[in-house]
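For reference, the structure is listed below as structure tokens.
The values are calculated or read from the model by the stated rules, or taken from the named source; none is laboratory data. Given the structure is predicted, the values throughout are model-derived calculations rather than measurements. Counting neighbours? That spans all protein chains shown, and the Cβs are built from the backbone with ideal geometry, glycine included.
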Amino acid sequence: MSIIVVCLKCHQRFKVSEKFAGKKGPCPKCKAIIQIPTKDEEVKIHTPLHSEQGAKGREGELILVPIPRDQTRVSWWVVGGVGMAILGAVVVALVFQGKDDSTRYLAASLGLVLLTPLLVLVGYWFLRESELEPFKGRGLWIRAGICTLVYILCWLVYSQLDSEWTNELWKWMFLGPIFGFVGASAAVACLELDYAIGFFHFAFYVGVTTLLAMMMGFSVIGV
């Protein structure tokens, strides 16, 4: 079942799933925060039953028709391009595995800057709420850029921690939730994901980059 919602700012009318009843969310058109009514509070649009005049206009066209929403999907060429980029990163990681520390750190830093935006965007497209209009164009790039900066800063902070903390797994019972909260908060604030989904978005990024770091010969989280 769906609930009809009308934005008080731009007067856009659209439908949302019943599971969002009573919650708040951005308008698909103007992004203003609106309160989703409960099923009993939703806007009712009444048309006289069996009334041709009420259902159609003078030319015979339907008056009350659903408002279509653009369904933006990830194209296969984008997925393929990101897959090739990650595969290329794996190859580069293996090539630099036996190099000296300064060369490996330089390569890892450059790879982190280039790969993080791709991982942020891919994670967003696959984890975003399908009921909400997706961010596009300039707005999406700005939000993804801020999220990218926070994710890279998490790695920068980690690299500055004392090895006595990072090399013992049990101490990550304290460090893990802190980094997870920061990463999830960035995903929630920038990409408007739920906290649980935001944490999964950050965990996906950390998992991929940690695997690449290990391939380059870095000791990561006690491994």
Worksheet item: Only one residue in Ile178, Ile152, Ile142, Ile86 is in a helix (DSSP H, G or I), closer than 20 Å to Phe202 by Cβ and modelled with pLDDT under 80, so which one is that?
Response: Ile86
Worksheet, complete the sentence: Scanning the range 13-28 residue by residue, the ones that are at pLDDT below 80 and either within 18 Å of Val188 (Cβ to Cβ) or of a type in the set (S, T, N, Q) (or both) total 2
Discussion item. Condition first: of a type in the set (Lys, Arg) and closer than 14 Å to Ala189 by Cβ. Now tell me which residues in the range 103-156 satisfy that.
Written reply: Arg143
Fill in: Unmet criterion (only one of (1) touching a strand residue (DSSP E or B) at 6+ places or on another chain (Cβ under 8 Å); (2) modelled with pLDDT of 85 or more) for Leu132
(2)
Worksheet item: Under the condition of being without any contact (Cβ under 8 Å) to a residue 40 or more places away in the chain and not acidic (Asp, Glu), which residue from the range 11-26 is nearest to Phe135 (Cα to Cα)?
Response: Lys24
